[in-house]
Amino acid sequence: MVDFPLASPTQRNLSSLIQAKQLIDASSRRITTGLRVSSPLEGVAAFFDAKELTTRSTQLLNSKEKLTDAAEVTGGTLADIDEITSLLTTAKLLAAAAKGGAVSGATATTATGDVVTTEADVITGTVGGVIDDDSFTVTHDGTTTTITNTNGSTFTSLVAQIDGIADLSATVSDGNAIVITASDGKDIIISNATNTLATALGLSSSTNGIIATNATRSSAETQLDLTLSKISKLVGESSYSGTNLLKTDPDTLTVSLNENGGNIFDLTGVASTVSALSLTEVDAANLYATDTGIDSSIAEIDAAIALLARTRATISTGDSIINSRLDFASELIDVLGEGSDRLIATNLDEEQANLLALQTRHDLSATGIGLFFQNGTILTSILHTG
């Protein structure tokens, strides 16, 4: 084997080739990882400053996730409040449209007691088990009246007390039963108060009447009651991330507004159930049979809508605070990411240009060395043949 001494240019080319290969590997690694500084050895200050920025960015990302969950709760709750308000507004319009229409089809409600022998008889001593001051109540159209068997009360005087109740009439006569009539068809509810006077007289509640109405009024009643059912279902399902701000016993939404777990913000819900809104069903009571009944229902709806508006304002304020902090966190995460990139990230355009230059340098060095070995081979051939 023949050893060839390396001329200085060739030595330089070989050294340049090795150096170029090392630089190409380093540049390729920076392009692959996207990092210009990947360890403290490549830049102590940049590496640790970037690490601090990245750590805070990670904390902010965790905080952002919690803020996003909280924003889902407030945003969903606001949408539910808007839906409830829309349902009530529609029910109110239907009720208002039903006013003024003629009504018909009423069937009187009657409550019939026992037959009396003589209407003028004193009740105490005539009816077994009854004593003075026994009483019962009569409820009609939302009004309750107490009827009392005072000392010396006769069947006639007792019936007169009942007859004095608005929209009721009561009669009794020798050999006939006590009869209480509600011409408006609304229920007559009779309950014992002191002892069992109503039972002793054979009187009991009656729901056999039919209230005068029309199709428009009946439809408005039905729609309101359906609306109340929808509201109950909507409130029950108004749960986001396990938090319900509208139920009977509303939850409190608690969220930290910064990445350190501090600056705690509490948003207490507001009960918005049918009961909390003071809304009552009307179909069973045929409340819309009269314009007065419709007006009272509309007043309830207006009060409920006003209460929902106040609740919405409360939730909306919390929603604005949470979303404002969420936007801030998102912007700060972007800023921190850009700062970290400036410190340690690879400039791909610059690095690719650098890699191309290094590859050219490598190729030139390799070519120079190749020529040396080619010339050396030719010289060896000449010496052997000479």
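The values are calculated or read from the model by the stated rules, or taken from the named source; none is laboratory data. Note that the coordinates shown come from a computational prediction; the quantities given were computed from them, not determined experimentally. Positions of Cβ are backbone-derived with ideal geometry, glycine not excepted, and every protein chain shown enters the neighbour counts.
Remarks
- Tally of residues being part of a loop (DSSP other than H, G, I, E, B) and surrounded by fewer than 21 Cβ atoms within 10 Å (Cβ to Cβ) across the stretch 261-273: 6
- Whichever residue in the stretch 54-77 is in contact (Cβ under 8 Å) with a residue 40 or more places away in the chain and among the polar types (S, T, N, Q) and, among such residues, is farthest from Thr252 (Cα to Cα): Thr54
Yes/no per residue for (1) in contact with a helix residue (DSSP H, G or I) (Cβ under 6 Å, 6 or more places away or on another chain); (2) part of a helix (DSSP H, G or I); (3) among the small types (Gly, Ala, Ser):
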site: Thr248; (1), (2), (3): no, no, no
site: Leu253; (1), (2), (3): yes, no, no
site: Glu259; (1), (2), (3): yes, no, no
site: Ser275; (1), (2), (3): no, no, yes
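- In the stretch 143-181, the residues that are in contact (Cβ under 8 Å) with a residue 60 or more places away in the chain and not hydroxyl-bearing (Ser, Thr, Tyr): Gly175, Asn176, Ala177, Ile178, Val179, Ile180
- Residues of the stretch 292-327 satisfying the condition of being farther than 13 Å from Thr280 by Cβ and of a type in the set (Ser, Thr, Tyr): Thr292, Thr311, Thr314, Ser316, Thr317, Ser320, Ser324
- Among residues of the stretch 144-172 being assigned to a strand (DSSP E or B), out of contact with any Asp or Glu (no Cβ under 9 Å at 6 or more places or on another chain) and not aliphatic (A, V, I, L, M), the one that is farthest from Lys186 (Cα to Cα) is Thr146.
- Tallying residues that are out of contact with any Lys or Arg (no Cβ under 9 Å at 6 or more places or on another chain) and not in a strand (DSSP E or B) within the stretch 97-141 yields 21.
- Scanning the stretch 295-330 for residues that are of a type in the set (Asp, Glu) and farther than 25 Å from Ser275 by Cα yields Asp319, Asp327.
- Among the residues of the stretch 186-209, those that are crowded, with 19+ Cβ neighbours inside 10 Å and within 26 Å of Asn286 (Cβ to Cβ) comprise Lys186, Asp187, Ile188, Ile190, Ala198, Leu203, Gly209.
- Odd one out for Asp225 among (1) free of Cβ contacts under 8 Å to residues at least 60 places away in the same chain; (2) under 49 Å from the mean Cα position of the chain (by Cα); (3) not in a helix (DSSP H, G or I): (3)
- Residue check: Val127 meets all listed conditions (1) at pLDDT 95 or above; (2) on the phi < 0 side of the Ramachandran plot; (3) surrounded by fewer than 17 Cβ atoms within 10 Å (Cβ to Cβ) but one, namely (3).
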